[in-house]
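What follows is a set of notes on a single structure, which appears directly below.
The values are calculated or read from the model by the stated rules, or taken from the named source; none is laboratory data. Quantities reported herein were computed from a predicted structural model and do not represent experimental measurements. Don't worry about glycine lacking a Cβ; one is built from the backbone with ideal geometry, like all the others, and counts go over all protein chains shown. Surface accessibility is based on the protein's heavy atoms, side chains included, excluding ligands, DNA and RNA. Shrake-Rupley method; radii C 1.70, N 1.55, O 1.52, S 1.80 Å.
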Amino acid sequence: MHDLTTHPMGENPLKVQISPSDPVTVETFSGRIHVEWNPDAAVTPLGQLPFFIEFLHVSGLFDDWVNQSPLRWNSPNAPKKRDVLGTVLLSVLSGHQRYAHINALRGDGVNPGLLNMTKIVSEDSVRRGFQHTDEAEGVQWLQNSLQQVYAPLLSEPWILDADTTIKTLYGKQEGAEVGYNPHKPGRPSHTYHTYMIANLRLILDVEVQGGKQVASKYSRPGLWALLNRLPREQWPALIRGDRDWGTEANMQAAEQAEVPYLFKLKLTQNTRKLVERLMRDSAWVNAGQGWQSAESTLRLTGWSRERRVVVLRRQVKKDLAITSQNTNGPLQLSFAELTDDVTVYEYSVLVTTLGHEMLSVAQLYRDRADAENNFDELKNHWGWGGYTTQDIKRCRFMSRITALIYNWWSLFVRLADPNQHTEAITSRPLMLYGIGRQTRHAGQTRLTISSSHAEAEKTELRYRRIAAFFKELWETAEQLTSLQRWYRILSLALVKYLNGRQLQPPNYLPVPS
């Protein structure tokens, strides 16, 4: 028997010993690189998030949200509510759609500490935290948090858009009913009744209801409850809605409250007769973007009064593709060729109390398309398409939490580019993602960010400007309350919307320079 310790088999190939503290030299196709391991360096894939965290800190938004939260536990081993809400914040910002995705945050060794969290909690802790929260308390907390964000803007004239979208469900959730579902016909769903500030794309409130509660009559109570929470001087200059809102109940409520409205009408029999009469007898005028307009008055059956109606039409100049669906057969496609002696129009009928000229009315309604874009962004790139639980209460909580974080992020991104609203599909890669490595040396913490996208240099310059602005706010922190700082942040973020005006908080006294 051979003794391997006495008679080693061959020569030890590791002639060169490398100290564990030295970088390792690696020859690659592009040249020599030096690699080192630092087990003490915390790493995050959301390397640029610290700037957003400072935004939440200097404005006081996150602290107020946590401190006012009704989340409570009886167990001494329960997680802290700051950890629960911070975990939800990081999950929503990461674009998650499910509670299970929260587990992916456990590798983040940087941002939880920057939020003053002790740890990332589990998905079960988040679920249970909201499960035992009283719904009335939770809704009031989130409505107040949303109002804290948008209230300073209501001193300016603004338009309220009201609309509804569908969230398809695949389980046995409370309120999962088969109603109007254009994307998945026959599938149960929830409906999201939403109220937003037009053009700014900020969410005022959102209500989750059953799948059959799609009509505007289910939105109306929430709309007027929202307005009644606001001082009269902060009410909108206009309420705007699609054709489901053109009902006697909605119009009469707005008229009694003396709030102007602009709604689209359904094409009922008497509405069609009006269009036919205008097509024959009226002089049509330019309404912009290829549309023509004519106006009249109309009183439909069931209406309490005669109202102003603006009819818009636009000629269809291209050949048409027509689809039809048989009950048991495939989708049928046919084409209709338009000849010179055939003119085809698409048209819309609007009812309003506005006294504006028809061109302005037409443009005001076209601007409402922003609401549809808003829904697409919130459902596809934020959490409105997920975070589903069997009870509808937690779905209502998460819908408002997502709307709140979406509002925060939208306003933060406007600090970088005040000229437009940048959707998450663009703003996250530019302003959020990037490898961040945190190290500590001589009592100082340093975060090194690696971001290699094409506009990394431009993003860095934007963040430097934002950091300089925050530094100025911190230097005047003793003179300014968090509310006053929030007014200044909004004034800069929405400088284009405000035409350069500075928002003035209540009882504001200018700080001597």
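Observations on the model:
- Helix 456-475 vs. the chain, principal-axis angle (Cα, 0 to 90°, nearest 10): 90 degrees
- Given charges at Cβ of Lys, Arg, Asp, Glu: the chain dipole, positive-most of Leu300, His132, Gly107: Leu300
- Sparsely packed trypsin sites (Lys or Arg not before Pro) within region 458-504, loop by DSSP, other Cβ within 10 Å at most 15: Lys496, Arg501
- What you get for region 155-221, charging only the Cβ of Lys and Arg (+1) and of Asp and Glu (-1), is a dipole of about 360 debye around the Cα centre.
- When both region 183-231 and region 123-165 are represented by their alpha-carbon centers, they are found 12 Å apart.
- Accessible area per residue, Å², the chain with all protein chains present, probe 1.4 Å: 53 Å²
- Dipole moment magnitude, nearest 20 debye, region 206-290 about Cα centre, only Lys, Arg, Asp, Glu C-beta charged: 300 debye
- Using every pair of distinct Cα positions in the chain, the Kirkwood expression returns a hydrodynamic radius of 26.8 angstrom.
- About its Cα centre, the chain has a charge dipole of approximately 860 debye under the convention of +1 per Lys or Arg Cβ and -1 per Asp or Glu Cβ, with nothing else charged.
- Seen from a random direction on average, the alpha-carbon convex hull of region 112-203 projects onto 9.3 square nanometres.
- Cα pair count fraction exceeding 23 Å, expressed as % - region 160-280: 40 percent
- For region 359-461, diffusion coefficient by Stokes-Einstein and Kirkwood Rh (Cα), 25 °C, 0.890 mPa s, µm²/s: 146 µm²/s
- Excluding same-chain neighbours fewer than eight residues apart, the lysines reachable from Lys81 by a Cα-Cα span under 16 Å are Lys119.
- Across region 262-386, Cα-Cα pairs more than 16 Å apart make up 72 percent of the total.
- Dipole of region 357-463, positive direction: furthest Cα of Asn407, Ser452, Ile435, with charges on the beta-carbon: Ile435
- Exceeding the 30 Å Cα-Cα cut-off - candidates Lys167/Lys317; Lys212/Lys379; Lys212/Lys317; Lys167/Lys264: Lys167/Lys317; Lys212/Lys317
- Taking all protein chains together and rolling a 1.4 Å probe, Phe55 ends up with roughly 0 Å² accessible.
- Equivalent ellipsoid, region 337-403 (semi-axes from 5 times Cα gyration tensor eigenvalues, Å): 39, 19, 11
- Residue among Gly288, Val178, Ile466 farthest towards the positive dipole end of the chain, charges placed on Cβ: Val178
- Within the assembled protein chains, the solvent-accessible surface assigned to Glu372 is about 90 Å², based on a 1.4 Å probe.
- Surface composition of the chain: carbon plus sulfur atoms hold 49% of the accessible area, using a 1.4 angstrom probe and ignoring ligands, DNA and RNA.
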